[in-house]
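I have placed the structure first, in the form of structure tokens, so that the comments after it can refer back to it.
The values are calculated or read from the model by the stated rules, or taken from the named source; none is laboratory data. This structure is a prediction, so every number in the text was calculated from the model and none was measured. All Cβ positions, glycine included, derive from the backbone under ideal geometry; neighbour counts span all protein chains shown.
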Amino acid sequence: MFVLKDKSDVPLYIQLYQQFREQILSGDLKPGSKLPSTRKLCSDLHISRNTVDVAYHQLYSEGYLISKPRSGYYVEKLDLSYVHGTKEASYNKPMLPDDSDSLIQYDFKYGKLNESELPMMQWRKLTNKCIKNFSSEMTSYGPTFGEINLREEILKYLHYYRGVECTLDQVFIGAGVNYCLGMLCQLIKDITTTIAMEEPGHHITRRTLENHGFNVKPISLDSSGLNVIELNCTNTKAVHVTPSHQYPLGIIMPISRRLELIEWAIKNNSIIIEDDYSCHLRYNTKPVQSLQSLCSDRVVYIGSFSKFLFPTLRLSYMIIPKCMLNKFTAMFDGYPPSVPFIIQKTLELFMKEGHWESYLRKTNRMQKKKHDALVESLKRIFENKISIYGMNAGLHILVQVKANMSEKELIDRAHEVGVKVYPTSKFWKYPENSLKGTVMLGFGGIKLDEINPAVKLLYKAWTDNNVD
């Protein structure tokens with residue numbers, strides 16, 4: 001029995017191939033069984049003869065069938081004992097998609113942007129322009145550090161908006177923040193075996209550092225950010241910080257603490273890894289200059305376009321201190337660029353023609369509206385039943401519910417009423433120290449008019465009460 005779907009994204013010949021393959025591997029089609037003739041099968045299923053021919057040929061080429069002249073196709077004799085195993089074997093169970101999210105009305109997923117707010121048309125036009133005008137450049141690998149014209153645009157932008165002090169040869173383009181961080185890990189592994197990091201901090205950053213063999217030393221936070229007194233008690237030669245908007249608590253590191261951190265780096269001959277997280281998105285306050293602008297020879301500066309343009313873009317940049325540049329170049333010289341030429345060139349034109357600055361202004365206005373609406377709605381509906389962390393910047397906030405409910409209970413209850421919120425305990429190296437009863441709400445992907453009804457549902461879920 002074959003069920004083929006005409007409106008499926010999967011071509012008919014692949015559907016037919018997959019269903020035959022499954023029947024052979026499951027044993028429903030026994031070894032030596034003769035397959036229906038192409039004429040009969042295309043008549044029975046009302047599909048073209050070519051569709052059947054292509055499916056049969058694929059099965060034959062993969063060894064599932066044998067062909068007998070003037071007779072047709074037969075199932076090959078295969079030893080399927082390893083494939084089948086027992087009825088309970090996990091690999092014999094179909095991998096069905098999790099449909100538990102099918103009833104979700106509102107998703108507060110962090111790292112997601114709303115498609116209607118993205119510059120899709122401009123990006124598509126510029127991509128087509130690049131393909132038309134720069135096809136010859138696509139036939140060979142580009143420079144390891146990235147396309148020079150894009151690096152120039154990034155340099156101008158960082159100098160003007162973030163106060164970054166560097167030369168063009170210090171600008172490196174990589175496929176995402178963690179790619180850049182991974183390369184840096186290789187560069188400094190002979191300097192230190194321990195890297196200090198904010199606690200809480202981004203769990204993927206921590207995992208990246210640990211995957212490269214480093215011991216991650218968690219450093220507590222106070223109202224000014226990373227505790228430098230505590231940092232001074234370690235023997236590490238490197239620290240990772242998010243001073244512009246601490247992830248996930250949203251603390252902005254004041255100038256006094258920044259100077260303390262720089263003093264630590266100079267006195268201990270150490271480096272600071274500055275992830276300029278959410279530096280683009282500030283609400284109700286002006287952006288602060290980068291840490292790198294205060295001490296360019298002790299700070300490795302990392303930033304990204306992915307979070308605010310297209311998350312799948314995977315294009316970040318790293319400013320390498322001059323004292324580390326020769327070693328970095330010697331270690332990675334000849335590596336092919338990690339970001340495709342066409343993406344680099346499109347972004348270059350996007351910046352050169354002024355679209356990036358225009359998009360940032362537009363995005364800031366829109367995200368501020370959503371941020372303010374979310375905070376206002378939470379405060380109005382929940383009143384004193386919650387605490388909110390991380391306001392006035394970025395694309396998320398943390399909400400601590402003053403009820404006797406765990407993180408999992410809050411998430412599950414929200415899910416039951418059609419709202420998806422996210423855990424926060426993973427941001428602590430030691431989750432037992434995390435904020436109890438706290439979840440993350442990302443607002444980048446939700447629409448402005450969806451915020452208030454979503455918060456009303458959360459109130460219902462977490463208090464067992466309705467709100468008008």
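A few remarks follow.
- Filtering the stretch 28-49 to residues that are more than 12 Å from Tyr73 (Cβ to Cβ), surrounded by 12 or more Cβ atoms within 10 Å (Cβ to Cβ) and not charged (D, E, K, R) leaves Pro31, Cys42, Ser43, Leu45, Ile47, Ser48.
- For Ser135: the one exception among (1) of a type outside the set (A, V, I, L, M); (2) out of contact with any helix residue (DSSP H, G or I) (no Cβ under 9 Å at 6 or more places or on another chain); (3) at pLDDT 90 or above: (3)
- In the stretch 55-80, the residues that are in a helix (DSSP H, G or I) and at pLDDT 85 or above: Ala55, Tyr56, His57, Gln58, Leu59, Tyr60
- Whichever residue in the stretch 186-220 is buried (at least 21 other Cβ atoms within 10 Å of the Cβ) and of a type in the set (D, E, K, R) and, among such residues, is nearest to Ser434 (Cα to Cα): Glu199
- Residue match in the stretch 172-190 (condition: without any contact (Cβ under 8 Å) to a residue 60 or more places away in the chain, in contact with a Phe, Trp or Tyr (Cβ under 7 Å, 6 or more places away or on another chain) and not assigned by the TED database to the domain that holds Asn433): yes
- Condition check for Ile319 on (1) under 27 Å from Asp372 (Cβ atoms); (2) buried (at least 23 other Cβ atoms within 10 Å of the Cβ): one failure, at (1).
- Some residue of the stretch 430-438 being at pLDDT 95 or above, part of a strand (DSSP E or B) and out of contact with any Phe, Trp or Tyr (no Cβ under 7 Å at 6 or more places or on another chain): yes
- Of the numbered criteria (1) in a loop (DSSP other than H, G, I, E, B); (2) out of contact with any Ser or Thr (no Cβ under 7 Å at 6 or more places or on another chain), the one Glu152 fails is (1).
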